[in-house]
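The values are calculated or read from the model by the stated rules, or taken from the named source; none is laboratory data. Bear in mind that the values here come from a model prediction, so they are computed numbers and not experimental data. Positions of Cβ are generated from backbone atoms using ideal geometry, with glycine treated the same way; all protein chains shown enter the neighbour counts. The accessibility values were calculated without ligands, DNA or RNA, using every heavy atom of the protein model including side chains. Shrake-Rupley method; radii C 1.70, N 1.55, O 1.52, S 1.80 Å.
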Amino acid sequence: VLQNLSQTPVLRELLKEAKMPGTTVKIESPELCMLSCFSFKQEPQLIKLDQPGPLTLAMHQFVTEMQETKKGVVTPKELFAQVCKKAIRFKGYQQQDSHELLRYLLDGMRTEE
């Protein structure tokens with residue numbers, strides 16, 4: 001899940017922007033093609049970013065480390081600690097589904113907005 005998120009260009013850009021509170025970010029959605037091949041383009045969303053929370057900062061740090069090719073092995077220790085603060089079920093290192101981690105991670109960052 002974390003490797004996939006670290007390779008998501010829109011998320012990487014948003015996390016870079018999140019480091020600078022007060023920045024307005026423009027998010028454009030891709031064109032959607034329906035079965036009849038009509039294209040619908042939505043208007044871009046403008047979002048003003050506040051001070052990032054600890055989970056968002058930990059995610060930014062992790063994604064930045066993943067992008068550094070010379071880093072070698074990356075351990076998401078701080079990110080995992082922040083996820084555990086938001087979702088206690090992850091404490092103790094029991095087996096969890098990856099989709100649950102994805103849900104708690106993204107929901108946790110969203111609630112920090």
* Only residues that are touching a helix residue (DSSP H, G or I) at 6+ places or on another chain (Cβ under 8 Å) and open to solvent by less than 100 Å² (accessible area, probe 1.4 Å): list them for segment 65-85, please. => MET66, GLN67, LYS71, VAL74, PRO76, GLU78, LEU79, PHE80, ALA81, GLN82, VAL83, CYS84
* To do: State which residue is modelled with the lowest pLDDT when the search covers only segment 102-112 and only residues that are closer than 18 Å to LEU57 by Cβ and in contact with a Leu (Cβ under 9 Å, 6 or more places away or on another chain).
  => GLU112
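Give me a count of the residues in segment 56-74 that are closer than 25 Å to GLU17 by Cβ, assigned to a loop (DSSP other than H, G, I, E, B) and not basic (Lys, Arg).
Our first condition is that a residue be closer than 25 Å to GLU17 by Cβ; within segment 56-74, this holds for 56-71, 74.
If we keep only those that are assigned to a loop (DSSP other than H, G, I, E, B) as well, we get 68-71, 74.
From the residues that got through so far, the ones that are not basic (Lys, Arg) too are 68-69, 74.
Looking only at that region, the number is 3.
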* Asked: Within segment 96-113, how many residues turn out to be open to solvent by less than 70 Å² (accessible area, probe 1.4 Å) and part of a loop (DSSP other than H, G, I, E, B)?
  -> 2
